[in-house]
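Following: one structure in structure tokens, then a few remarks.
The values are calculated or read from the model by the stated rules, or taken from the named source; none is laboratory data. Note that the coordinates shown come from a computational prediction; the quantities given were computed from them, not determined experimentally. All Cβ positions, glycine included, derive from the backbone under ideal geometry; neighbour counts span all protein chains shown.
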Amino acid sequence: MSWQPPIDETHDPVRESWVESANDAATDFPIQNLPLGVFTRRRGGDGAPRIGAAIGNRVVDVRAAAEAGLLAGLSAAALEVLRSWTLNAYMNLAPDERGTVRRSLGAFLDARTLAPRRQALSHLVSMADVDLHVPSSIGDYTDFYASIHHATNVGSMFRPDSPLLPNYKFVPIGYHGRSSSIVASGTPVRRPAGQARPEGAVTPSFGPSTRLDYELEVGAFAGPGNQLGTPVAVGSAERHLAGLCLVNDWSARDVQQWEYQPLGPFLAKSFATTVSPWVVTLEALAPFRVPAFERPDGDPPPLPYLESTANRASGGFDLTLEVLLSSRRMREAGCPPARLSRSHLSTMYWTFAQLVAHHTSNGCNLRAGDLLASGTVSGPSEDARGCLLELTWRGQRPVTLPTGETRAFLEDGDEVLMRGWCAREGYRRIGFGECRGTVAPAAPTT
Ligand code: CA
């Protein structure tokens, strides 16, 4: 049976919080959002990672608030999972149980709450005083290729005669990524070394990548898993998703071009993947659902196992995404980060429900806390290209930064910053926070 989280009183746009920064129109984290993450306090506390909820410029110590009896209406199961130091057990809750956590946090933080403020305040930490971590212990990470605009652009660089391979409109293309090198926003990313064959050269050489790139993506964390051998139907696929985050799939293009045939990406991708630390729940995203991508006339319909009425009607998310870049010189000169592109998740050829249905269609099991990334989110226009490979067309048309510097690919010291948000008339805007990472010099090679 098809399922999506409903719009309810937790999305009421007039609702305000007693945490005043949450009522600021520009905040990513109003009371209508309440994303969860894992944090440690920089000062005080026991140094152990704990589950937190973002509200304005504060983090609720969810475990402490729950143990102090301030989160009313939590089931025993929900209370137990909030004591963990990852979100896996929370993600494994049935969606209805997850909903009780959201409602309870909302009631606690609501401006109309009569809870004793002094006691409540002791369970809030300033966002500036915490370190945020990868939110779940990610058992498996899969990266898809769901933007037809990205696939067409990249394909036309390497295969001008047949940019889109014949399987693209039938199969949601993906590959198994590496979970051990997934890092939280803010972690420096070391330039990888690898094997590459420069254009015109006969033999490859080994050394630091000279074509380091980012990829703007959206990640979906798996909710309750499926049994090995039991596929998930597209209509109920969202029962197996917990929430979304931003993903930077760092890519070494020179390494990728030399190694990718015949088995796909390997070391060009596995050196680092950055995720934003806050999991924006499927419940919070309910008001921002949009129809799945409308296939142009002449495109084949999805095969029946990838097709449902609900998915067609509201399988997409109206999520706007941006990439910004800040070079070392820009920071020294006091320049704000420069925007490189803006794109929309709604332009993806496949929805997350279709990605889940396809991923499990052979009986493969997902487990709570697994990460499924969308693939580079590129739109139809030139300013909606979600990586430098596309923006600079393989480095042939470098972009110019406010300092006059140019970039074909990333230089050491460059900081890549990704943002995402949902906005719709009649609802409070909610944001994803930041996904950032700075390129550190390659390790010395011998
Ligand atoms: Ca990717």
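Could you grab me the full set of residues in region 43-73 that are farther than 15 Å from Leu109 by Cα and either more than 26 Å from the chain's Cα centre (by Cα) or of a type outside the set (A, V, I, L, M) (or both)?
Of everything in region 43-73, those that are farther than 15 Å from Leu109 by Cα and either more than 26 Å from the chain's Cα centre (by Cα) or of a type outside the set (A, V, I, L, M) (or both) turn out to be Arg43, Gly44, Gly45, Asp46, Gly47, Pro49, Arg50, Glu67.
It is to be established whether one or more residues within region 91-107 are touching a strand residue (DSSP E or B) at 6+ places or on another chain (Cβ under 6 Å), over 18 Å from Asn57 (Cα atoms), in contact (Cβ under 8 Å) with a residue 12 or more places away in the chain and more than 16 Å from the ligand (Cβ to nearest atom).
yes
Quick one: which residue in Ala408, Ala368 is away from the ligand (no atom under 16 Å from the Cβ), over 30 Å from Leu241 (Cβ atoms) and aliphatic (A, V, I, L, M)?
Only one candidate passes the filter, namely Ala408.
Check region 385-400 and report whether any residue there is in contact with a Gly (Cβ under 7 Å, 6 or more places away or on another chain), within 16 Å of the ligand (Cβ to nearest atom) and not in a loop (DSSP other than H, G, I, E, B).
no
For the structure I just gave you, tell me whether Arg312 is free of Cβ contacts under 8 Å to residues at least 40 places away in the same chain, surrounded by fewer than 19 Cβ atoms within 10 Å (Cβ to Cβ), charged (D, E, K, R) and farther than 30 Å from Arg407 by Cβ.
So Arg312 fits the description; yes.
So, of the residues in region 242-273 that are part of a loop (DSSP other than H, G, I, E, B) and under 14 Å from the mean Cα position of the chain (by Cα), which turns out to be nearest to the ligand (Cβ to nearest atom)?
Ranking the qualifying residues of region 242-273, first place goes to Asp249.
Could you please let me know if Gly379 is among the small types (Gly, Ala, Ser), more than 15 Å from Gly219 (Cα to Cα), surrounded by fewer than 24 Cβ atoms within 10 Å (Cβ to Cβ) and over 20 Å from the mean Cα position of the chain (by Cα)?
no
Take His149 and tell me if it is touching a residue at least 12 places away in the same chain (Cβ under 8 Å), touching a strand residue (DSSP E or B) at 6+ places or on another chain (Cβ under 8 Å) and surrounded by 14 or more Cβ atoms within 10 Å (Cβ to Cβ).
For His149, the condition - touching a residue at least 12 places away in the same chain (Cβ under 8 Å), touching a strand residue (DSSP E or B) at 6+ places or on another chain (Cβ under 8 Å) and surrounded by 14 or more Cβ atoms within 10 Å (Cβ to Cβ) - is not met.
With the condition kept exactly as written, say whether any residue in region 179-187 is at pLDDT 95 or above, within 12 Å of the ligand (Cβ to nearest atom), buried (at least 19 other Cβ atoms within 10 Å of the Cβ) and under 23 Å from Leu391 (Cβ atoms).
Checked against the condition, which is being at pLDDT 95 or above, within 12 Å of the ligand (Cβ to nearest atom), buried (at least 19 other Cβ atoms within 10 Å of the Cβ) and under 23 Å from Leu391 (Cβ atoms), region 179-187 yields no hits at all.
What number of residues within region 324-370 satisfy the criterion of being assigned to a strand (DSSP E or B) and either free of Cβ contacts under 8 Å to residues at least 12 places away in the same chain or out of contact with any Cys (no Cβ under 9 Å at 6 or more places or on another chain) (or both)?
Residues in region 324-370 being assigned to a strand (DSSP E or B) and either free of Cβ contacts under 8 Å to residues at least 12 places away in the same chain or out of contact with any Cys (no Cβ under 9 Å at 6 or more places or on another chain) (or both): 8 in total.
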